[in-house]
Structures are given as structure tokens and as C-alpha cells.
Amino acid sequence: MRILPTDGHVHSEWSWDAPLGAMEQTCARAVELGLPAIAFTEHTDFTTWAVLNRDIHQDPVRKPHASPEGLMVPPRLDVEGYRECLERCREKYPSLRIIHGVELGESHWVREQAATLLAEGGFERVLGSLHCLPTGPDRVLAEVSGVYLDRPADQVVRDYLAEITRMIEGSDLFGVLAHIDYPTRAWPLGTFDPGQFEEEFRHALRALAAGGRALEVNTRNQPFPEIVRWFRDEGGQIVTFGSDAHTPDGITKGFREAVDMVEAHGFRPGRHPYDRWTR
Ligand SMILES: [Zn+2]
Ligand SMILES: [Zn+2]
């Protein structure tokens, strides 16, 4: 059986939205699966945002971090606690390469704070993520899943991809773009067809490729082959895989299919099993 690539996007108990995450058990599971490497990419968010499609005070994950006005105020990442836990896991699982990373939300809007955190944390892998979009006349940020209540669904995707391009061009703090298909997770109109947004996807992917940065193939939902093809067409050179697991049993979910798909588009593993894939 072939060796799976690094799971490059995993959350543990150090992420505010992963109360059932557990770094030690996740590492044990990775060893069991014969995984060469795993990257913990804990959430670091400096924005505050609204949740429009459900009551934040009733949501068990968000409730502890909700302001009385109903805004999500994410807690700061405990950089020290996280690092110590990771070092303990490195000692306990020496055969597993454990990568120290973060998932940085909307870094083009919070450049200074994000840069300070990265300098302090010394992380090996930084994912860039966009989870929110401005809404309404006051441009209050809201989680993308709720933005579908605010405007037509196709407009949400177009706005999202335009903002992705601004994030890429406005921040060099991250090396990997996480889940470019994020708005498809809550797509309200049946089966999502990326072909409807080919120009917008290509525009964002071109910006990513031009900066020599990596595209993450996120397997939380089945990835779209078109997006990998467009990235390659636009000059993209580096691909990573990420399960976006928030519990130990979720790591590498969907990897076998994704690996075949990415390989069919001309990307190959590096010399070491933990290297990123290139073409
Ligand atoms: Zn994310
Ligand atoms: Zn994530």
C-alpha cells in the first residue's frame, strides 16, 4: 500500500473550535496509519465576526466565545501551551514528523497582529484562510455560511474568490492557501458546479501560483478536480493535502481518492514522504 502524504491541516485541542481535538491521540492515530508526517495548524484569528445562520448562544462550540451582542470573539492561541504539547508529542512519537503550524484567518485584515504572532511562535507551516466576508451597510464580518442569507448564492462565491485574491496579494504571511472551496461547504443550491465560477477561481489561483505558494487540496469534502487542473494551468507548482480534521479519527479522510486525482493532474510526491507535492 502506498504511503500517504503529510496531513497538512489538522486541529487539536489548542484550536478554539476543536473541543474534541486531542493532539496525543491524533499522533497515535497517525502512527497507526503509517503517516510520515502531520501538521498541526491551530486556529489563529484576530477578527471578530457575526454568525448569521444560527444562534451563536446556542452553538456549543461558539457559545463560550460569544460576546453579549452575539459576535464571535475568538480566544488567543496559547502559543506556549501549544508548543509544549507538541514537543511532548515529538518525544513520544519520534518516528512521526510533527510539523508546528497555524491556520491564520484573514491575515490581510490583521497584518500587524498576525506578523507579531508568527514572529513569537516560529511556526513551520502557515495556512492562509478566509472564513468571513463583510456584510450589510456597516460591513460587519460574518461567517461565509451565514452570508448566504445576505445575498444571492453565486454572488457569495464571487465575493469570496475576489477576497481570496486580495488576501493573497495583501499578505505574504502564509505559504499555503487553505480550502479555496470553503464557500461550497454551505452552498445552498444543490450540487456545486465550479465551472460556473471558472474565471474567478482561475484569477485567485493565478495570484497564488505567481507568488510560488501552495494550493491545499482540502479533503473535508470531496475536492474538485477542476480546481487542481486550473491551478496547474495557471502555473501552480506546489500542492498540499489537508483533512481539516478536528478530531483524531478524522485525519487523512478522503486522502486516497485525492492523491489519485492530484497525481492524474501531474503533481508528484517529493523525495521524502513528508515533502510537499510538486510537478
Ligand atoms: Zn479553515
Ligand atoms: Zn482548519
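The values are calculated or read from the model by the stated rules, or taken from the named source; none is laboratory data. Keep in mind the model is a prediction, meaning the values are calculated, not measured. Note that we place each Cβ from the backbone using ideal geometry, even for glycine, and neighbour counts take in every protein chain shown. Protein only, heavy atoms only, side chains kept; ligands, DNA and RNA dropped before computing areas. Shrake-Rupley method; radii C 1.70, N 1.55, O 1.52, S 1.80 Å.
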For this session: Would you compute, from DSSP H runs of 4+ residues alone, the mean residue ellipticity of the chain at 222 nm, taking -39500 (n - 2.57) per run and dividing by the full residue count, rounded to the nearest 500?
Result: -9500 deg cm²/dmol
Seminar exercise, completed: Amide H contacts under 5 Å for His9, restricted to residues at least 5 apart in sequence or on another chain and with H modeled in the peptide plane, are Ala39, Ser243, Asp244
Problem set entry | Per-residue HN-Hα couplings for the stretch 232-240 [Karplus 6.51, -1.76, 1.60; θ = phi - 60°; Hz; x = Gly/Pro] | 4, 4, 7, x, x, 10, 10, 10, 10
Seminar exercise, completed: In Å², rounded to a whole number, the accessible area per residue of the stretch 178-279 with probe 1.4 Å is 44 Å²
Seminar exercise, completed: One would report the antiparallel percent of DSSP beta bridges in the stretch 7-278, rounded to the nearest 5, as 30 percent
Exercise. How big is the antiparallel share of DSSP beta bridges in the stretch 96-155, given as a percent to the nearest 5?
Worked result: 45 percent
For this session: Between the alpha-carbon centers of the stretch 230-279 and the stretch 169-210, tell me the distance in whole angstrom.
Result: 16 Å
Problem set entry | Alpha carbon centroid spacing (whole Å) that separates the stretch 1-35 from the stretch 67-89 | 18 Å
Problem set entry | For the stretch 249-260, 3J(HN,Hα) per residue [Karplus equation, 6.51 cos²θ - 1.76 cosθ + 1.60, θ = phi - 60°, Hz, x = Gly/Pro] | 6, x, 5, 6, 4, x, 5, 4, 5, 5, 4, 4
For this session: Using amide H atoms built 1.01 Å from N in the peptide plane, name the residues 5+ places from Gly175, or on other chains, whose amide H lies under 5 Å from its own.
Result: Val126, Gly128
Exercise. Classify the stretch 7-278: rounded, prolate or oblate, from the alpha-carbon gyration tensor (a ≥ b ≥ c, eigenvalue square roots; a/c under 1.5 rounded; otherwise prolate if a/b is larger than b/c)?
Worked result: oblate
Problem set entry | Linear extension gain, Arg185 paired with Glu32, 0.36 nm per residue minus alpha-carbon span | 52.2 nm
Problem set entry | Of all accessible heavy-atom area on the stretch 210-279, the percent that carbon and sulfur account for (1.4 Å) | 46 percent
Exercise. Once both labels are modelled 7 Å past Cα along the beta-carbon direction, what's the Ala162-Lys92 spacing in nm?
Worked result: 4.8 nm
Problem set entry | Gyration tensor (alpha-carbon) shape descriptor, the stretch 144-245, a/c threshold 1.5 | prolate
